[in-house]
Amino acid sequence: MTRTYTDYLKLDFIVRNLSSKLSITTALIGFVVLLGWILNLPVLKSVLPGLVTMKVNTALGFFLAGMSLWLWHQHHQRKKHPLKLLSQILAVIVALIGLLTLIQYGFNINLGIDQLLIKESENAVATSSPGRMAPNTAFCFLWLGLALILLRYRLMSRVQTLTLVSFLIALLGFIGYVFRIDSFYHLAPFTGMAVHTSVTFLLLGLGVLLACPEKGWMQEVMSPYLGGVTARNLLPLVIGVPILTSGLFLSAYRTDAIPIEIGFVIRAIVNIVVLSGVVWWNAKYLNTIDQKYRNAQQALQEFNDNLEARVHERTAQLEFANNALTESRRQLSHLINTLPGIVFSRSADNNWSIDSVSDGYLSIIGDYQLELCGTYQDHTFQDFIVPEDVPKIVAAIQTAIDNKIAYQVEYRLITQRGEEKWLWEKGIETSIDGQSPTIQGFITEITSLKQAQKALEESESKFREIAENIHEVFHINSADLSDLLYVSPGYQEIWGKSCESAYQKPDSWSESIHPEDRDRILGACERLIQGKPLEEEYRIIRPKGDIRWISARVFPVYSQFGQILRHVGIAADITARKLTEIALRCSEERYRSLVEATAQITWTTDPTGQFITLQESWEAFTGNTFAEYQGWNWKNSIHPNDQENVGQNWLHSLENRCLYENECRVRNYNGEYKYLWVRAVPVLETDGSIREWVGACTDITSRKQAELEIQQLNEELEERVQQRTAQLTAANKELEAFSYSVSHDLRAPLRGLDGFSKTLLERYKDQLDDKGKHYLTRIRAGTQRMGELIDDLLQLSRVTRSQMQLTDVNLSAIAQEIAHELGEREPQRQVEWLIAPDLIVQGDCQLLRIVMENLLNNAWKFTSKKIQAKIELTSLVSDLGKGDYLTYVVQDNGVGFDQTYVNKLFQAFQRLHSVEEFPGTGIGLATVQRIVRRHGGDVQANGVVGEGAAFYFTLQG
């Protein structure tokens with residue numbers, strides 16, 4: 001039976017899978033033919049030239065029908081309602097295509113659906129109306145569309161009937177094509193069915209018939225039993241053989257190979273032979289099945305006979321076992337009654353009361369005279385149980401029964417003497433021979449155990465109060481250190497990890513050990529397992545990366561037999577202490593290294609200032625032995641003239657416990673006195689008293705000698721400066737007298753030249769020709785320019801010699817005055833002045849006026865050829881590396897200059913333009929530079945030819 005059902009499931013899976021594949025094949029054929037119409041490929045439309053084409057609507061119907069069946073299978077497998085709805089919609093469209101086509105044939109009308117998608121030629125083969133499918137094709141689509149719709153409602157008999165009709169119509173058309181019988185596929189004068197249309201209908205019909213093989217009349221064909229097997233074996237032959245023999249007969253008839261009478265006889269004989277062979281093969285198959293059935297019956301009869309004999313044998317064995325069991329139960333009952341505990345049975349009432357107990361209950365109840373019935377006068381054993389514990393017992397029993405497991409429960413009992421005792425009970429539900437279930441189990445007294453547990457809990461409570469309130473980590477490990485039995489909360493504080501992580505992974509604490517210490521500590525743990533206590537200091541790296549120092553002490557706890565039971569230990573955070581030790585050690589090492597590396601003399605004294613220990617640096621410098629400088633004898637090495645001063649300063653520092661500093665001369669090992677700078681500080685105890693003095697002596701002999709030499713040099717330099725100053729003063733006076741003398745001596749002949757030239761022009765101008773007048777004019781211009789040059793030179797010399805008087809100077813006001821003067825001098829010029837207000841600086845007023853006159857006069861002069869001239873005075877903030885300073889800017893839009901020659905601007909007598917083009921002496925900008933630099937500033941220039949120039953200067957003095 002199981003094999004038959006398995007075969008059925010396998011066959012059902014194969015059939016459904018075949019149906020799904022046939023649906024995909026149908027949809028694919030429809031799609032390919034549609035593609036042939038779109039691309040105009042005749043081979044896809046009619047297979048062979050001269051055959052009827054599969055119409056566009058026919059190809060569309062196959063595509064939709066195939067997709068509808070495929071979606072039905074998907075819904076059947078995945079239970080998706082959208083797929084089910086879509087399948088129904090496609091089926092309805094298929095049925096409508098067939099119905100509308102039949103309406104066109106029936107009423108001889110054209111609904112316009114035939115060539116709605118693609119136009120067909122009017123001369124198409126066997127086509128009554130271009131694009132219209134055959135009426136038998138329309139019938140097939142109508143029946144198959146209805147069948148696909150009814151699939152949803154599981155009306156399989158109707159579905160399979162409609163499909164079978166379509167299948168037979170398509171089969172008739174296919175036979176017509178095979179045997180060239182036109183009337184089978186072409187009902188003149190209507191359109192004929194295409195050959196691939198009939199084949200596709202056969203595939204689609206077979207797919208629908210196999211869609212649900214377990215329902216309708218197909219369930220008889222697809223049955224796994226003999227009827228279904230016989231049907232599946234016979235149907236292909238019953239259908240195929242008549243068609244094949246008829247086809248052969250028809251071919252012979254058409255070729256006149258044999259007379260028609262002989263053909264009929266041969267066809268009948270062939271059918272008889274083939275069908276007889278099928279009947280014989282089927283009879284053989286059924287005989288084989290029947291023989292297997294008879295063999296199975298005979299084997300079953302033999303098995304029953306053997307089973308009856310074994311039952312008799314087993315009955316005898318059970319009777320013997322029952323007798324043995326009775327004896328065993330008697331012995332077991334005797335043994336149970338001698339046990340110190342209680343063997344009991346509970347009945348299935350509301351409270352599962354104890355209805356029978358062993359003799360062991362007498363020692364618990366406290367009266368050995370009671371009978372075995374379990375009663376004490378008017379009381380049962382159940383009555384001695386504390387009433388408050390009864391619900392707990394009932395709940396434990398009920399939970400065990402529900403889960404089909406044994407139960408355990410602890411409860412109290414009051415003895416006849418009024419004592420409270422604790423009992424432990426374990427039982428399980430049993431049912432023998434279909435009787436009512438009972439509880440069988442064992443009870444033992446645990447009063448002593450409860451008392452011990454209570455004492456242990458109190459002890460553990462005290463232990464936890466201590467362990468969980470200390471900052472150290474207290475821990476208990478198993479004998480092999482593989483398990484952590486307890487760890488105090490200090491672990492989380494010191495290790496930075498939760499206690500839960502330590503319980504889950506007992507060796508996780510070692511993961512935090514510093515790599516440099518891990519091997520040493522793990523080795524100590526191995527020795528601990530062997531019984532050697534562990535006392536180590538090591539480092540750990542916490543999760544955040546910080547390092548802690550740990551001091552660990554762990555020792556084993558032994559049993560009375562000398563075996564290690566567990567390990568108990570404590571770990572303390574000693575980071576602060578270790579850092580202090582390390583810092584102290586580093587400090588001592590640095591101090592020692594400093595003492596050894598320095599050339600200073602270092603020493604220490606007691607609180608009173610006496611040498612009481614060996615002073616290696618002092619011995620090396622003085623050459624004295626310890627006995628020679630011990631105590632206060634070190635003063636003997638001090639220069640006699642310095643001893644009193646040293647003693648007074650030293651006593652002052654001793655009394656006030658303050659820093660000692662002094663300079664004195666000390667005799668070295670060669671007997672020479674060296675200048676030393678002595679410095680000492682007191683080292684105080686925690687109570688403020690002096691523990692010792694630490695001092696150092698620095699040899700400053702070379703510095704003292706240098707100071708003496710510098711003092712002598714300074715005295716010589718001061719004398720030489722005074723001499724040089726006197727010489728410079730005399731030279732300046734001589735230079736000033738020379739300047740005035742030169743100025744007077746040069747001006748006298750110039751005035752004569754200018755005067756005589758002017759007289760000649762005025763008195764003899766009628767007697768002079770134009771060239772003579774021109775020469776006299778040039779003479780006068782040269783003398784005047786020479787005079788200006790002398791004035792500028794004198795001004796330049798005064799700039800460097802005059803004493804500066806620093807006051808607040810308003811550059812804006814000076815510029816306004818100069819602008820006003822220039823405007824009055826040449827009122828015909830159009831100049832735009834932009835002067836920033838309140839530009840206040842610290843400087844010499846007269847000198848700064850010279851600066852502004854030169855800069856503004858230059859701007860006025862070099863903008864003279866501009867129709868609309870513009871001159872500005874502004875300021876801007878500049879960073880000169882020593883803070884922010886104001887930079888003052890004089891800018892114009894005049895002729896400008898080539899930036900390549902900017903360095904020549906501030907050199908005396910250097911000019912970038914000719915005198916004829918722009919008059920001047922070439923000394924003005926040199927004067928500006930000297931004045932600005934005397935004020936601690938600097939001056940720069942930027943220019944572009946034809947666009948103007950800008951002069952920038954700073955003042956810091």
Paramagnetic reach from L456 (point 7 Å along Cα→Cβ, amide N under 20 Å) across region 397-412: 408-412
Sulfur and carbon atoms: percent of accessible area, region 623-677 [1.4 Å]: 42
Chain lengthening between I840 and A348 when straightened (0.36 nm per residue, less Cα-Cα): 165.4 nm
Solvent-accessible area per residue for region 506-574 (1.4 angstrom probe, square angstrom): 58
Cut-off under 5 Å, modelled amide H: who pairs with H514 long-range: R539, I540, I541
Highest average packing first - 490-500, 139-149, Cβ atoms within 10 Å: 139-149, 490-500
Part-to-part distance (alpha-carbon centres) for region 815-873 and region 94-136, which is given in Å: 107
Accessible surface of H820 - all protein chains present, 1.4 Å probe, nearest 10 Å²: 110
With DNA, RNA and ligands ignored, accessible area of W422 (1.4 Å probe; Å², nearest 10): 60
M804 - accessible surface, heavy atoms, 1.4 Å probe, Å² rounded to 10: 40
Ordering of 639-651, 298-310 by burial proxy (mean other Cβ atoms within 10 Å per residue, highest first): 639-651, 298-310
F463/N714 FRET efficiency (R0 56 Å; Cβ-Cβ; nearest 0.05): 0.10
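Note the direction-averaged projected area, equal to a quarter of the hull surface, for the Cα convex hull of region 420-509, in nm².
10.5
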Whole-number accessible area per residue in Å² for region 74-167, which is evaluated in the context of all protein chains at 1.4 Å: 51
Cross-link partners of K292 among lysines (Cα-Cα below 22 Å; sequence separation of 8 or more within a chain): K284
Reciprocal of mean inverse Cα separation for region 545-667 (Kirkwood radius, Å): 19.5
Cα-based reach from K635 at 19 Å (exclusive), listing aspartates and glutamates while leaving out same-chain residues under 8 positions away: D606, E616, E619, E644, E655, E661, E663, E672, E692, D699
Cα-based reach from K450 at 21 Å (exclusive), listing lysines while leaving out same-chain residues under 8 positions away: K392, K421, K426, K462
Charge-dipole axis of region 440-540 as Lys and Arg at +1 and Asp and Glu at -1 on Cβ define it, positive-most pick from S501, I446, V473: I446
1.4 Å probe accessible area per residue over region 623-714, in Å²: 61
Region 517-559 pair-distance distribution - Cα-Cα, 10 Å bins, rounded %: 26, 46, 22, 5, 0
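The values are calculated or read from the model by the stated rules, or taken from the named source; none is laboratory data. As the structure is a computational prediction, the values presented were derived from the model and not from experiment. Don't worry about glycine lacking a Cβ; one is built from the backbone with ideal geometry, like all the others, and counts go over all protein chains shown. These area figures cover heavy atoms from the full protein model, side chains too; ligands, DNA and RNA do not enter into them. Shrake-Rupley method; radii C 1.70, N 1.55, O 1.52, S 1.80 Å.
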